[in-house]
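What follows draws every value from the coordinates through simple rules; no lab data is involved. These figures come from a predicted structure and were not determined experimentally.
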Amino acid sequence: MPEALRLALAIAAKDIRAELRSRTALLSAVVFAALVLVVFNFARDPTVLAATDLAPSVLERSVVTSFQLDTVLKAVAHGRPMRHVWLVLPQVQVDLGLDRVIATAKAVGLPMLGLRQNMLNAKVVATVREAGLGIGGWACNDAEAIARLLELKVDVFTTDRPDLAIAQRKVLGRG
């Protein structure tokens, strides 16, 4: 046995013996475990619906987004009617072209594309909708971008500034 391992085991054995003699750690662990059981017993309300009963309503309001097409496809495989959005990087949109991005999404059964907000305009939104797909935007983090996407009537968009989105909805009379 290597010397370092032998020393580590000797130190561990000494620490275990010291803990067993004082019993402070053991007593603390028992008290902690009892408190956790009591708290969780009172925290769980048996009259509330089981999580499996709530899952369908949560899924209906969920939107799964990813830049990785494989990740979105795995989410699609696990349930509907969740909304699944393939977040398309601008370089992918430029390299493939919008028509091929749409064809790829349709070929794998994705219902919605999410394009970076600066890659969206009325023509792009119309093209995606004519193909039978939903359209969303991402990186909408300033009032101008949020207002533009609300004017384009995209289905969904992501923002780090929900306060600006709510304010813009009110300005446009939609909030």
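Quick check on the range 51-171: take the gyration tensor over C-alpha atoms, sort the square-rooted eigenvalues as a ≥ b ≥ c, and tell me if it's rounded (a/c under 1.5), prolate or oblate. Numbers along the way, then the final one.
Values: a/c = 1.93, a/b = 1.11, b/c = 1.75.
Oblate is the answer for the range 51-171, as a/c is 1.5 or above yet b/c matches or exceeds a/b.
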Contour minus Cα-Cα distance for residue 7 and residue 167 (0.36 nm per residue):
51.1 nm
Amide H contacts under 5 Å for residue 66, placed H, 5+ residues apart
85, 87
Could you work out how much longer the chain between residue 67 and residue 143 gets when fully extended? Use 0.36 nm per residue separation minus the Cα distance between them, nm to one decimal.
25.0 nm
